[in-house]
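The values are calculated or read from the model by the stated rules, or taken from the named source; none is laboratory data. These figures come from a predicted structure and were not determined experimentally. With ideal geometry, Cβ positions are generated from the backbone for all residues, glycine too; neighbour counts draw on all protein chains shown.
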């Protein structure tokens, strides 16, 4: 192989490695998700719901936090009782991760900018109880 081609391939390999390292973030807090199970009539304001096996989230946790209504029924599409706006969904339904909880229960994440670590579940299994990264209200 000639030297110029070898140098070009080396530079390309380094560039691809750098792009891969930057593009593959472990956590994806804030990514959009849609809960698979919505209670009849939708969710209740002032409560948080966690879906801990969400295949839509790299974190595997989708949260519905302080949303009144059904995130799958947008008012501009279906203006009936229980509908919500897209802004409501964007601010209340997203991928999250557990940032604090019982000692030794699991690994915890660091909340990214724009999120705060807030107590969401005070009772339940040791694998889910604790605080999660949420958007401040």
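Descriptive notes on the structure:
- Residue in region 9-27 that is at pLDDT 95 or above and surrounded by 15 or more Cβ atoms within 10 Å (Cβ to Cβ) present: no
- Qualifying positions in region 87-105 - surrounded by 12 or more Cβ atoms within 10 Å (Cβ to Cβ) and at pLDDT below 90: 105
- Subset tally (residues that are free of Cβ contacts under 8 Å to residues at least 40 places away in the same chain and within 20 Å of residue 66 (Cα to Cα)) for region 103-112: 0
- The listed residue being within 23 Å of residue 45 (Cβ to Cβ) and exposed (fewer than 12 other Cβ atoms within 10 Å of the Cβ), out of 136, 71: 136
- The requirement of being closer than 25 Å to residue 129 by Cβ and modelled with pLDDT under 95 is not satisfied by residue 41.
- Checking each residue in region 86-106 for being closer than 19 Å to residue 74 by Cα and out of contact with any strand residue (DSSP E or B) (no Cβ under 7 Å at 6 or more places or on another chain) picks out 87, 88, 89, 90, 91.
- Residue within region 107-121 that is surrounded by 15 or more Cβ atoms within 10 Å (Cβ to Cβ) and within 17 Å of residue 34 (Cα to Cα) present: no
- Residues of region 107-137 that are touching a strand residue (DSSP E or B) at 6+ places or on another chain (Cβ under 8 Å), assigned to a loop (DSSP other than H, G, I, E, B) and over 20 Å from residue 31 (Cβ atoms): 129 alone.
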